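Please read the structure below before turning to the comments.
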Amino acid sequence: IRPSGLKTNNVADAYAVWWITAWEAANQSDAGSSQSMYRAVQRQATQAMLDSGKFSAASNAVKQEMAESLLVQAALIEAASDSAAGNAEQKTSVARAVNQGAKHMGLDLTKMTLTEDGFVPRSGGRSDASDGAGGEQLAANDSGTAADDASLGHYALYAAAGTGLLAGVFALGKGLSKRG
């Protein structure tokens, strides 16, 4: 996390690390993410948290617990992805498990694109299922304007908060451990 310019004790930084790590796994991306991508996603997460009464009202202890949970999940996702390297079937299984866990949090990671400016809705998003609220929301939000880019970050945080971020994060870890 330090090479990305982010901090382990900041929940928005941890969310950015988790979100990028999960996106890379769900999309089977080996391209890597630049420091500017991490900072852009961190800004999206920070703005959404500032705008959300749920995150603003949370105690420092809850925020730290959330940050730690997100970082543990990011490490588990990265380990599963590394373990699957060179095995297309296993890599696809990891991608499905990660996206399924994210869908429990209201995010369809296959319907977003990571850019130097953060996450934006993917045009003609590819998804094997749009069974969660995130899929319909992101599919409908496809115009590519700056307002849309900002609302994607807000939507992601609100979806995570509304569906219980910690429950979703722990469910993701259980799904990965059953496959690994």
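The values are calculated or read from the model by the stated rules, or taken from the named source; none is laboratory data. As the structure is a prediction and not an experimental result, all values here were calculated from the model. Cβ: placed from backbone, ideal geometry, glycine included. Neighbour counts: every protein chain shown. Surface areas here come from the heavy atoms of the whole protein model, side chains and all, with no ligands, DNA or RNA. Shrake-Rupley method; radii C 1.70, N 1.55, O 1.52, S 1.80 Å.
Go through segment 55-114 and report how many residues are farther than 25 Å from Leu6 by Cα, surrounded by 15 or more Cβ atoms within 10 Å (Cβ to Cβ) and free of Cβ contacts under 8 Å to residues at least 24 places away in the same chain.
2
Go over the candidates Ser59, Ser33 one by one and state the one that is of a type outside the set (Lys, Arg) and under 29 Å from Gln90 (Cα atoms).
The conditions single out Ser33.
Name every residue in segment 76-121 that is in contact with an Asp or Glu (Cβ under 6 Å, 6 or more places away or on another chain) and of a type outside the set (A, V, I, L, M), in order of residue number.
Pro121
Regarding Val41, is this residue within 18 Å of Gly118 (Cα to Cα), touching a residue at least 60 places away in the same chain (Cβ under 8 Å) and aliphatic (A, V, I, L, M)?
Spelling it out, Val41 is indeed within 18 Å of Gly118 (Cα to Cα), touching a residue at least 60 places away in the same chain (Cβ under 8 Å) and aliphatic (A, V, I, L, M).
In segment 27-40, is there at least one residue being open to solvent by less than 20 Å² (accessible area, probe 1.4 Å), assigned to a helix (DSSP H, G or I) and out of contact with any Ser or Thr (no Cβ under 9 Å at 6 or more places or on another chain)?
So far as segment 27-40 goes, no, none of its residues is open to solvent by less than 20 Å² (accessible area, probe 1.4 Å), assigned to a helix (DSSP H, G or I) and out of contact with any Ser or Thr (no Cβ under 9 Å at 6 or more places or on another chain).
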